[in-house]
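For reference, the structure discussed in these notes is given below.
Where a number appears in this text, it was derived from the coordinates with a stated rule and is not lab data. Given the structure is predicted, the values throughout are model-derived calculations rather than measurements. Note that we place each Cβ from the backbone using ideal geometry, even for glycine, and neighbour counts take in every protein chain shown.
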Amino acid sequence: MADSRIFYTNPDGAPERVGLTTPLPTGSALNMRKDTTSVIGVTYYGFALPKSLEFNPVWQVMRITAATGAIDYAATGAFDQIWVYRQTLGY
């Protein structure tokens, strides 16, 4: 399996690794989106296969809340979410 973790800075200023809830097969590429501007203090990450459109239900969406350091995945963490709806998904 490929290493599918990313780094973020936790509320204490230390780097942490967070991973996808579904590992990628070895050699897989990953399309990633990052949104730090939509909601103050919240960073959204979206993961999908290359060439995935942002309005198709093929994304895994993760939310990191800066104040608490909470890391939440939309729905079950499966690759079945729509990136453009990231702010309104259930976490």
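Extension gain for Gln87 to Leu53 (0.36 nm times residue separation, less C-alpha to C-alpha distance): 10.5 nm. For the pair Ala78 and Val39, the difference between a 0.36 nm per residue extended length and the Cα-Cα distance amounts to 11.8 nm.
Got a sec? How would Met62, Met32 order by Cβ neighbour count within 10 Å, fewest to most? Intermediate values should be presented prior to the final figure.
Numbers: Met62 24, Met32 10.
Going from sparsest to densest Cβ surroundings: Met32, Met62.
Peptides 41-49, 82-90 ordered by packing proxy, namely the average of other Cβ atoms within 10 Å per residue, highest first: 41-49, 82-90.
Dipole magnitude for segment 28-88: about 120 debye, using +1 per Lys or Arg Cβ and -1 per Asp or Glu Cβ, origin at the Cα centre.
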